[in-house]
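Single-structure report; data block below.
Rule-based calculations on the coordinates, nothing more; no lab input. Bear in mind the structure is a predicted one, so any value in this text is a computation, not a measurement. Neighbour counts run over all protein chains shown; Cβ positions are idealised from the backbone, glycine included.
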Amino acid sequence: GAGVSQSPSNKVTEKGKDVELRCDPISGHTALYWYRQSLGQGLEFLIYFQGNSAPDKSGLPSDRFSAERTGGSVSTLTIQRTQQEDSAVYLCASSLVLPYEQYFGPGTRLTVT
Amino acid sequence: GENVEQHPSTLSVQEGDSAVIKCTYSDSASNYFPWYKQELGKGPQLIIDIRSNVGEKKDQRIAVTLNKTAKHFSLHITETQPEDSAVYFCAASIPGNTPLVFGKGTRLSVIA
């Protein structure tokens, strides 16, 4: 079946611009997660959504970062007023039940110039 | 909160040899321990996981062992092949609505 998809695969933006990253989870998965992976580093948790519960935003690094999940499916991660330190690969994952068996998308590589 | 340490950061083995990657965790309440393989330019892929009620789990050439007393778990790959070359991440999670905490990864190179 279809896995997790993310778009765009690559995004280059100028410092100060806003960007939106999209994630389409596996159909039927109630939990959706966003992670950030800087060059050569591990995965940094940003936010997760679980069903209709309030999202856990505890990993968002600043108030420039926000995310929403519409209709319990597609999610959008928005970064406002991008900074060079926001350059990283942003990964989305989904699972049937938090936090087990998370399946990752291919990621969006964000470059802020 | 939970903290996960992973060693070694890099590992080179000859094709056919075994590879072992170790992780330690800090929170004794952790009960779920997955391992991910990440190839260049791709997202992490779940390869095996274990829950705290089990001490060992195998899937073909891959096995994971868990020592709850010592708070560490290990990934064992036998009969390594060049296609096993990748970055491997361990992770841990405590019960409840909490996210996974990942180790910093191990770059495994299998030399033909």
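Tabulated results
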{"quantity": "Restricting region A:3-86 to GluC sites (Glu not before Pro) in coil, as DSSP defines it, with at most 11 other Cβ within 10 Å", "calculated": "A:E14"}
{"quantity": "Proximal charge balance of B:K37 [Cβ under 14 Å; K/R count +1, D/E count -1]", "calculated": "-2"}
{"quantity": "Estimated translational D of the protein assembly as shown in µm²/s (Stokes, Kirkwood radius over Cα pairs; 37 °C; 0.692 mPa s)", "calculated": "182"}
{"quantity": "From phi via Karplus (6.51, -1.76, 1.60), per-residue ³J(HN,Hα) for region A:65-72 in Hz, x at Gly/Pro", "calculated": "9, 8, 8, 9, 10, 9, x, x"}
{"quantity": "Among A:F45, B:V20, A:G28 - extreme Cα towards positive end, dipole of the protein assembly as shown, charges at beta-carbon", "calculated": "A:F45"}
{"quantity": "In order through region B:84-92: 3J(HN,Hα) via Karplus (6.51 cos²θ - 1.76 cosθ + 1.60), integer Hz, x for Gly, Pro", "calculated": "7, 4, 4, 9, 10, 10, 9, 8, 9"}
{"quantity": "Segment A:D63-A:Q84, extension gain: residue separation times 0.36 nm, minus the distance between their alpha carbons", "calculated": "6.0 nm"}
{"quantity": "Space enclosed by the convex hull of the alpha-carbon atoms of region A:35-113, per residue, Å³", "calculated": "101"}
{"quantity": "Segment B:E5-B:T78, extension gain: residue separation times 0.36 nm, minus the distance between their alpha carbons", "calculated": "24.0 nm"}
